[in-house]
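S.K.: After the structure tokens below, expect a handful of questions from me.
Throughout, read-outs are computed from the coordinates displayed, never taken from laboratory work. Just so you know, these numbers come straight off a predicted model, no measurement behind them. Here Cβ is always computed from backbone atoms with ideal geometry, including for glycine, and neighbour counts include all displayed protein chains.
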Amino acid sequence: MLVRNCAGGVVFSGEKVFLLKNEKDEWVLPKGVLKNGDYPDEVALRRVREETGIQAEIISTAGNTNYEFFSVTRQRPVCNKITWYIMKSLDDKFEINKDENFTDGGYFTIEEALQKITYSQDRSLINCSYSKYCEVENSDAVGF
């Protein structure tokens, strides 16, 4: 089995989270594969920018997820191990990168995102990340 280390972002703007729709009609979060010497936080920020056009900053770690699939092109199983970061968008602008095979995307309320997101572990990730995002944002507002 091929194991790939990846990193991605759960990007919030106010009370909304960003989702992408890929060529398989799956609603997902932006992420990418780490190459030799890459740092996960840098890859996460870069992939968010490349896939969505969003300028964001990392405000916290979100955790890790893993999933396995059979790669038709590689003709073998692949395991993606993803390190996630909670991010805050610096503005509301975005541009879906069609060259990366994304067909749609946007900011959705948490409720809408939980309905749309394809994978259950991503649903849990959004829930936990939103709680942590609110904590960090509220503590910043109060001056802690």
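S.K.: Please report, in debye to the nearest 20, how large the charge dipole of the range 2-142 is about its Cα centre when each Lys and Arg carries +1 at its beta carbon and each Asp and Glu carries -1 there.
M.R.: For the range 2-142, the charge dipole is close to 620 debye.
S.K.: What ranking do 28, 3, 11 get, fewest neighbouring Cβ atoms within 10 angstrom at the top?
M.R.: Least crowded to most crowded, the residues run 3, 28, 11.
S.K.: Continuing with this model, one more query. If we count every other residue with Cβ under 11 angstrom of residue 49's Cβ, Lys/Arg +1 and Asp/Glu -1, where does the sum land?
M.R.: Computed value for this residue: -2.
S.K.: Shape verdict for the range 43-88, please, from the Cα gyration tensor: rounded (a/c under 1.5), prolate (a/b greater than b/c) or oblate.
M.R.: Note, shape of the range 43-88 comes out oblate.
S.K.: Test of understanding: what is the full-extension gain from residue 103 to residue 81, defined as 0.36 nm times their sequence separation minus their Cα-Cα distance?
M.R.: In short, 5.5 nm is gained.
S.K.: So, one more: At 7 Å along Cα-to-Cβ for each site, give me the label-to-label distance between residue 73 and residue 41 in nm.
M.R.: Placing both labels 7 Å beyond Cα along the Cβ direction yields 3.0 nm.
S.K.: Also, I was wondering about something else. What's the longest bit of the chain with no exposed trypsin sites (Lys or Arg not before Pro), using DSSP loop states and at most 14 other Cβ atoms within 10 Å as the test?
M.R.: 94-144
S.K.: Collect residues whose amide H, placed 1.01 Å from N in the peptide plane, falls under 5 Å from the amide H of residue 26; neighbours closer than 5 in sequence don't count.
M.R.: Amide H neighbours of residue 26: none.
S.K.: Antiparallel as a % of all DSSP beta bridges within the chain, to the nearest 5?
M.R.: Rounded to the nearest five, the antiparallel share is 70 percent.
S.K.: Here's a follow-up. If you rank 128, 6 by fewest surrounding Cβ atoms within 10 Å, what's the result?
M.R.: By the 10 Å Cβ count, ascending, the order reads 128, 6.
S.K.: Can you pull the one-decimal nm distance between simple spin-label points at residue 92 and residue 135, each 7 Å off the Cα toward Cβ?
M.R.: With each label point 7 Å from Cα toward Cβ, the separation is 2.9 nm.
S.K.: Short version: ³J(HN,Hα) in whole Hz for each residue of the range 103-116, in order, from phi by Karplus 6.51 cos²θ - 1.76 cosθ + 1.60 (θ = phi - 60°), x for Gly and Pro, what are they?
M.R.: For the range 103-116, the Karplus-derived couplings read 9, 6, x, x, 8, 10, 4, 4, 4, 4, 4, 5, 6, 7 Hz, x marking Gly and Pro.
S.K.: Going through the range 84-138, which GluC sites (Glu not before Pro) have at most 16 other Cβ atoms within 10 Å and a DSSP loop state?
M.R.: Counting only loop positions with at most 16 other Cβ atoms within 10 Å, the GluC sites (Glu not before Pro) in the range 84-138 are 95.
S.K.: Net charge within 10 Å of residue 20 by Cβ-Cβ distance, Lys/Arg positive one each and Asp/Glu negative one each, not counting residue 20 itself?
M.R.: Around residue 20, the charge tally is -2.
S.K.: Karplus couplings for the range 62-75 from phi (6.51 cos²θ - 1.76 cosθ + 1.60, θ = phi - 60°), rounded to Hz, Gly and Pro as x?
M.R.: Working through the residues one at a time gives 10, x, 10, 9, 9, 8, 10, 8, 9, 7, 5, 5, 8, 6 Hz.
S.K.: Tell me, 73, 103 in order of fewest to most beta-carbon neighbours within 10 Å?
M.R.: 73, 103
S.K.: Multiply the residue separation of residue 127 and residue 112 by 0.36 nm, subtract the distance between their alpha-carbon atoms, and state the gained length in nm to one decimal.
M.R.: The residue 127-residue 112 span can extend by a further 4.2 nm.
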